[in-house]
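Asker: Sharing a structure here in structure tokens format.
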Amino acid sequence: MHVTAGEGLTVHGLFTVTDHHQGAPGLAHGGLVALAMDEVLGGLGWLLRTPMVTGRLQVEYLRPVPVGSELALHAQVDAVDGRRIFSQARAHAGSLDGALLARAFAVFVAVPLEHFRTHGRAEEIDAAVEAADRDPNATPWAVNP
């Protein structure tokens with residue numbers, strides 16, 4: 001998925017559904033749509049400069065997503081309350097003007113960076129931090145340690 005910052009606290013993503021993402025014949029697996037929503041919503045943490053994890057994700061599936069479709073995703077921060085970040089996302093067919101295929105509502109929880117060092121791959125976290133220190137405009141999606 002390619003993710004870019006939008007206006008204010010928003011991000012946009014583009015994702016192409018391939019045969020590898022198929023659930024029922026010719027259609028995207030619902031879990032893949034949820035994954036795409038979670039991924040674009042996770043990009044909001046970089047705008048907030050806050051490490052965060054998904055606390056709750058609710059996806060509403062509105063229309064089938066055919067294999068070969070391009071999903072245009074939009075995510076936004078709705079509110080921040082302490083460690084909780086309330087957000088939502090939409091998936092459209094082809095572009096943000098396309099048919100609305102799915103919606104998601106999420107609550108993320110801010111965590112210390114040490115959470116990822118402890119439970120993930122510390123060397124990759126360190127490489128991302130070093131890259132951000134070198135270029136504050138760098139995005140984590142471009143970091144490949």
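Asker: Under a point-charge model restricted to the Cβ atoms of Lys and Arg (+1) and Asp and Glu (-1), what is the dipole moment magnitude of the chain relative to its Cα centre, in debye to the nearest 20?
Answerer: Working: 10 positive and 16 negative charges, 82 e Å.
Rounded to the nearest 20 debye, it is 400 debye.
Asker: Further question on the same structure: What number in nm² do you get for the stretch 2-111 if you take the convex hull of its Cα atoms and divide its surface by four? Numbers along the way, then the final one.
Answerer: Numbers: hull surface 25.5 nm².
Result: 6.4 nm².
Asker: Taking 0.36 nm per intervening residue step and subtracting the Cα-Cα distance, what contour gain separates Ala34 from Phe105 on full extension? Working shown, then result.
Answerer: Numbers: separation 71, 0.36 × 71 = 25.56 nm, distance 1.06 nm.
Taking Ala34 through Phe105 to full extension adds about 24.5 nm, to one decimal.
Asker: Continuing with the same structure: Suppose a student asked you for the relative contact order of the chain, using Cα pairs under 8 Å spaced at least 6 residues apart; what percent would you report?
Answerer: Details: 280 pairs, mean separation 32.4, N = 145.
The value is 22 percent.
Asker: If you take the beta carbon distance between Glu7 and Ala131 as r and set R0 to 22 Å, what does 1/(1 + (r/R0)^6) give as a FRET efficiency, to the nearest 0.05? It would help to have the intermediate numbers written out before the result.
Answerer: Values: r = 25 Å, r/R0 = 1.14.
My answer for the efficiency is 0.30.
Asker: Here's a follow-up. Across the stretch 10-20, in residue order, what do the Karplus-derived ³J(HN,Hα) couplings come to in whole Hz, using 6.51 cos²θ - 1.76 cosθ + 1.60 with θ = phi - 60° and x for Gly and Pro?
Answerer: So the J values, rounded to whole Hz, are 10, 9, 10, x, 10, 9, 9, 7, 10, 4, 5.
Asker: Along the charge dipole of the stretch 2-111, which of Val107, Gly94, Gly6 sits closest to the positive end, that is, farthest toward it, with unit charges on the beta carbon of Lys, Arg, Asp and Glu (+1, +1, -1, -1)?
Answerer: The residue sitting most towards the positive pole is Val107.
Asker: For helix 30-42, report the angle its Cα long axis makes with the longest principal axis of the Cα atoms of the chain; keep it between 0 and 90° and round to the nearest 10°.
Answerer: 40 degrees
Asker: If each residue's Cβ is checked for other Cβ atoms within 10 Å, how do Arg134, Arg63 rank with the fewest at the top? Mind dumping the intermediate values first?
Answerer: Working: Arg134 8, Arg63 11.
The order, fewest Cβ neighbours first, is Arg134, Arg63.
Asker: Right, something else. Given H placed on each backbone N at 1.01 Å, which residues far from Gly55 in sequence or on other chains put an amide H within less than 5 Å of it?
Answerer: Val107, Phe108, Val109
Asker: On full extension of the chain, what length is gained from Glu60 through Ala79, given 0.36 nm per residue of separation minus the C-alpha to C-alpha distance? All intermediate terms of the calculation are to be shown ahead of the outcome.
Answerer: Working: separation 19, 0.36 × 19 = 6.84 nm, distance 2.02 nm.
Result for the pair: 4.8 nm of gain on full extension.
Just so you know, all these numbers are worked out from the coordinates, no wet-lab data involved. Since we're looking at a predicted model, the values are computed, not measured. Using ideal geometry, Cβ is built from the backbone for each residue, glycine included, and neighbour counts are taken over all protein chains shown.
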